[in-house]
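Only one structure is covered here, and it is reproduced in the block below.
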Amino acid sequence: MFSISTLGDVVRIPPSLFGTTLKKAALNILKEKYESMINAELGYIIMILDAKVEEMGKMVAGDGGTFHKVEFDALTFYPKLQEIVHGEIVDITDFGAFVRIGPTDALLHLSQVMDDYLKSDVKSGMILANQSGRTLKVGSTLRSRITAVSLGKAATMGKIGITCRQPFLGADEWIAEEIKKAGGGSEESEPTKEAKAEAS
């Protein structure tokens with residue numbers, strides 16, 4: 001889930017940035033420190049959006065910089081268990097596929113694709129279903145459910161597991177087929193009802 005989080009910190013403005021505005025200097029430092037970071041509570045910190053910097057800073061003996069309290073807004077992405085996400089396959093491996101969801105990649109294991117015998121063809125970048133003939137390839141977009149999340153306290157990379165083994169999950173074209181099958185009967189019966197009403 002994407003969200004905007006408000007955080008607080010103290011930034012050190014070095015003498016080399018004294019020529020720029022306080023807000024611009026603070027934003028540059030915050031972006032360098034926080035962007036692309038993984039936090040156990042917030043998830044993935046994607047970007048710093050805005051910052052309010054206290055103009056009155058503090059100085060420390062022997063340090064030429066100034067220290068300022070800052071409150072800032074960050075765009076974050078925290079993958080939640082059971083959340084439905086949309087993503088794109090970026091890599092096919094012997095054991096499944098990596099799917100880009102938001103700022104990171106999630107693992108779709110072969111056993112979680114569908115109820116069918118599957119074969120992973122790494123060379124051609126495809127996963128093939130034996131009975132249904134359905135395929136997944138690099139670039140395919142799909143809908144899945146998050147089944148495992150492990151971010152850790154000082155993680156540089158999180159681990160996310162997803163599944164497509166539920167109704168209306170999987171490649172976009174599979175879902176379109178399922179919706180067509182599920183709504184096929186009712187779509188045909190509606191015009192008949194309207195026609196009867198007009199006739200009477």
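The values are calculated or read from the model by the stated rules, or taken from the named source; none is laboratory data. Note that the coordinates shown come from a computational prediction; the quantities given were computed from them, not determined experimentally. Backbone-built Cβ (ideal geometry, glycine too); neighbour counts: all protein chains shown.
Looking for something surrounded by fewer than 16 Cβ atoms within 10 Å (Cβ to Cβ) and under 30 Å from ARG143 (Cα atoms) - is there at least one such residue anywhere in region 59-70? Checking region 59-70: not a single residue is surrounded by fewer than 16 Cβ atoms within 10 Å (Cβ to Cβ) and under 30 Å from ARG143 (Cα atoms). Taking region 28-64 as the range and being among the polar types (S, T, N, Q) and within 29 Å of SER150 (Cα to Cα) as the test, the residues that pass are SER36, ASN39. How many residues does region 123-134 contain that are without any contact (Cβ under 8 Å) to a residue 40 or more places away in the chain and either surrounded by 15 or more Cβ atoms within 10 Å (Cβ to Cβ) or closer than 14 Å to HIS109 by Cα (or both)? Summing the residues that are without any contact (Cβ under 8 Å) to a residue 40 or more places away in the chain and either surrounded by 15 or more Cβ atoms within 10 Å (Cβ to Cβ) or closer than 14 Å to HIS109 by Cα (or both) in region 123-134 gives 5.
Being surrounded by fewer than 19 Cβ atoms within 10 Å (Cβ to Cβ), part of a strand (DSSP E or B) and under 17 Å from the mean Cα position of the chain (by Cα) holds for only one residue in LEU107, LEU81, and it is LEU107. Considered as a group, the residues in region 51-98 that are among the hydrophobic types (A, V, I, L, M, F, W, C) and free of Cβ contacts under 8 Å to residues at least 24 places away in the same chain include one that is nearest to ALA129 (Cα to Cα), and that residue is PHE98. Checked against the criteria, VAL60 does not count as at pLDDT 95 or above, within 30 Å of ILE13 (Cβ to Cβ) and in the same structural domain as ALA25 (by TED's automatic domain parsing). Residues of region 1-50 that are free of Cβ contacts under 8 Å to residues at least 12 places away in the same chain and among the β-branched types (Val, Ile, Thr): THR20, THR21. Taking the options ASP73, ASP116, name whichever one is out of contact with any Cys (no Cβ under 7 Å at 6 or more places or on another chain) and at pLDDT below 95. Selected residue: ASP116, the only one of ASP73, ASP116 that is out of contact with any Cys (no Cβ under 7 Å at 6 or more places or on another chain) and at pLDDT below 95. ILE160 - would you say it is assigned by TED's automatic domain parsing to the domain that holds ILE92, at pLDDT 95 or above, over 20 Å from GLU178 (Cβ atoms) and not acidic (Asp, Glu)? Considered against the rule, which asks whether it is assigned by TED's automatic domain parsing to the domain that holds ILE92, at pLDDT 95 or above, over 20 Å from GLU178 (Cβ atoms) and not acidic (Asp, Glu), ILE160 comes out as no.
Within region 25-48, the set of residues being modelled with pLDDT of 90 or more and surrounded by fewer than 13 Cβ atoms within 10 Å (Cβ to Cβ) comprises GLU32, LYS33. Among the residues making up region 19-72, those that are of a type in the set (Phe, Trp, Tyr), part of a strand (DSSP E or B) and within 32 Å of the chain's Cα centre (by Cα) are TYR44, PHE72.
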